[in-house]
Every structure is written in C-alpha cells, then in structure tokens.
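Asks: One structure, pasted below without further comment.
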Amino acid sequence: MELSTYYLQKDLNPDQIVSTEIKSKSKYEEFTSGNLEDAITKVIKLIANLSTEPEPTYRDLKLINSQVLADFFSKLMQAVSQRQIEKSEEFILNAISCTTNILFYDTAQITLL
C-alpha cells in the first residue's frame, strides 16, 4: 500500500521529492512518466488481486492504518482524473477494479475512509 502511495505521489508531483521510508536514490526514483504509469498499474493490479478474497482482505485491511488507505484512495482518484481513457485505459480499469475489490468487503467493522 505504501509503495503504491509513493508511486502515485511521484506521478502527481514528479518534481517533488516524496518523504517516505524509501530515502536513497534507487530504481524507485528513476522512472520516466511512462514507466511510472506501468509501475503504478502493476502495483494497483496486485492490490486489486489480493483484495478478491474476503478473509485475507479483512485481516490485512484491519492492519492498514485508515489514514494510509484514505491517502491511497485520494491519490488514486487524482491520478485517474488526470488521465484520458484513450491513453491510459489499462491504468484506469485497474484503478476501478482495485477500488471495487477493496470496497466490496467493506463492513461495519472496517472503516475505509
């Protein structure tokens, strides 16, 4: 979740240095905008796929800070709103899939936003 938030922040503000656990110059900071979108798409697809089973999702979401999840959804929706379906179809469809998969198992015990 934190890696996807890092990539989304980098996508939204490419010139801004993101303050996260990843502090050294590494492959995370070497992406061009095209490669960055591919990386975000893959991470979002992974989160969407992990969110398809109710038991692991419930257990894992309880471990995720609600603020981290809210930041993730906020940045994800900002990234989607900046794109056009014709140019970023895979990214947008995976973002929608990720959101619906996570929210499908939302219950009174899990406060996502």
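The values are calculated or read from the model by the stated rules, or taken from the named source; none is laboratory data. No experiment lies behind these values; they were computed from the predicted model shown. Methodologically, a virtual Cβ is constructed for each residue, glycine included, from the backbone with ideal geometry; neighbour enumeration extends over all protein chains shown.
Asks: Across region 69-88, which residue is surrounded by the fewest Cβ atoms within 10 Å (Cβ to Cβ) among those that are at pLDDT below 90 and aliphatic (A, V, I, L, M)?
Replies: Top of the filtered list is 70.
Asks: Where residues in region 89-113 are hydroxyl-bearing (Ser, Thr, Tyr) and crowded, with 17+ Cβ neighbours inside 10 Å, which of them is modelled with the lowest pLDDT?
Replies: Ranking the candidates gives 105 first.
Asks: If a residue must be modelled with pLDDT under 85 and within 16 Å of residue 9 (Cα to Cα), how many such residues does region 37-53 contain?
Replies: The qualifying residues number 0.
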